[in-house]
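The structure appears below as structure tokens.
The values are calculated or read from the model by the stated rules, or taken from the named source; none is laboratory data. These numbers come from a predicted model, not from an experiment. Cβ placement follows ideal geometry from the backbone for every residue including glycine, while neighbour counts extend to all protein chains displayed. To get the accessible areas, we keep the full protein, side chains included, count just its heavy atoms, and leave off ligands, DNA and RNA. Shrake-Rupley method; radii C 1.70, N 1.55, O 1.52, S 1.80 Å.
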Amino acid sequence: MKKFLAAMMTAVLCMGLLTACGSAAEETAETTESVTEATNEAESAEEETAEPEAAEEAAQPEEEAAQPEAEAAVSEALADGVLNVGTNAEFPPFEYVEDNGEPDGFDIALIKAIGEKLGVEVQVENMEFNSLVASIGGKIDVAIAGMTVTDERKEMVDFSNSYYTAVQYVILPKDSEIAAAADLEGKAIGVQLGTTGDFIAEEIAGAEVAQYNKALDAVNDLVNGRLDCVIIDKNPALVFESKFADQVTAVDGAQFNFEAEEYAIAIPKGDTVLAEQINSALQEMIDDGTFDALVEEYIEGSNE
Ligand code: ARG
């Protein structure tokens, strides 16, 4: 009861000041913020409180202030009728730039199909892989980029259900003697910056890790003899292997004790409405065979 009273007081204070809800109710200086700003504050408070461990003072104002919008179960991300999608089109067959300059690939086809089911326009923004997570909820609504679900990323974003299982592969020059985890120690390893391949490489004792913005540049340096290997996800590895068939081989990372990874769509933290919408669109596509058709069209045979 005491707690409730305290929370009520906080709520009343917040409403009175139309400011600083959930952050610093003691800051009494700014009393002139507009109602719009106060609403935005309330909305971000709402996002924060989706976390079970969120502070109690933040939880109460949410219920008070977010009331008017509560009924419409529309994700804020979709309110403008556009789903802004970030990707990094350097990752065939999941995403690459078509001859016409437009991003295409499995992920792009998948998110467009999801957008169609949600009744929104899909706009794809091609950006650096390493800036995708930080851009979610700002420049972009969601990211689809063959992105592996990791605990670190989960601190910043939420993920849809997983739609693909992968593993890191090791691309080697044809004459390489690297064959097991220990052989990678002290080697010059190329990776795409900020990827799980990068994180794995950085853990390898004595490895000299070269980070590239584009995986293809890493593979080119491998072919040119500047690297001992490239660590990258299975399907792109197979695509690059077929592209440089005379020079390189792609080896399953299981041979190096790398673990399986799950790809999912990254969404703004706390946007459970959007998560549910994306998950049910995904499930519909799995159930009606559209998903498998996309796998067949884009992934199977991509490395032939
Ligand atoms: N699965 C890896 C990761 O999440 C690599 C993804 C790279 N994707 C891309 N579109 N470049 O870190």
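On average, how much accessible surface per residue is there in region 172-234, in Å², for a 1.4 Å probe, leaving out ligands, DNA and RNA?
Roughly 46 Å² per residue, with all protein chains present.
Keeping all protein chains in place and using 1.4 angstrom, which order do K187, K139 fall into by accessible surface area, from largest down?
K139, K187
Which sequence of E297, E202 reflects their accessible areas, 1.4 Å probe, from the largest down?
Sorted by accessible area, descending: E297, E202.
Note down the net charge around T249, summing +1 for each Lys or Arg and -1 for each Asp or Glu among other residues with Cβ under 15 Å from its Cβ.
-4
Take Y263, Y96 and sort them by solvent-accessible surface of the protein heavy atoms, 1.4 Å probe, largest at the top.
Y96, Y263
Can you pull the accessible area of T196 for me, 1.4 Å probe, Å² to the nearest 10?
Roughly 20 Å² of T196 is accessible to a 1.4 Å probe.
With only alpha-carbon pairs counted, each pair once and no self-pairs, how large is the Kirkwood hydrodynamic radius of region 127-285 in angstroms?
So the Kirkwood estimate lands at 16.4 Å.
Got a number for the accessible area of E241? Probe 1.4 Å, square angstrom, nearest 10.
About 50 Å², rounded to the nearest 10.
Mind checking the log10 I(q)/I(0) for region 181-233 at q = 0.14, 0.19 Å⁻¹? Debye, one equal scatterer per Cα, no solvent, two decimals.
With one equal scatterer per Cα and no solvent, log10 I(q)/I(0) is -0.27, -0.51.
Not counting ligands, DNA or RNA, and with a 1.4 Å probe, what is K269's accessible surface area in Å² rounded to the nearest 10?
The accessible area comes out at roughly 50 Å².
Between E177 and D217, how high is the FRET efficiency from 1/(1 + (r/R0)^6) when r is the Cβ-Cβ distance and R₀ = 35 Å? Nearest 0.05.
Computed FRET efficiency for E177 and D217: 0.90.
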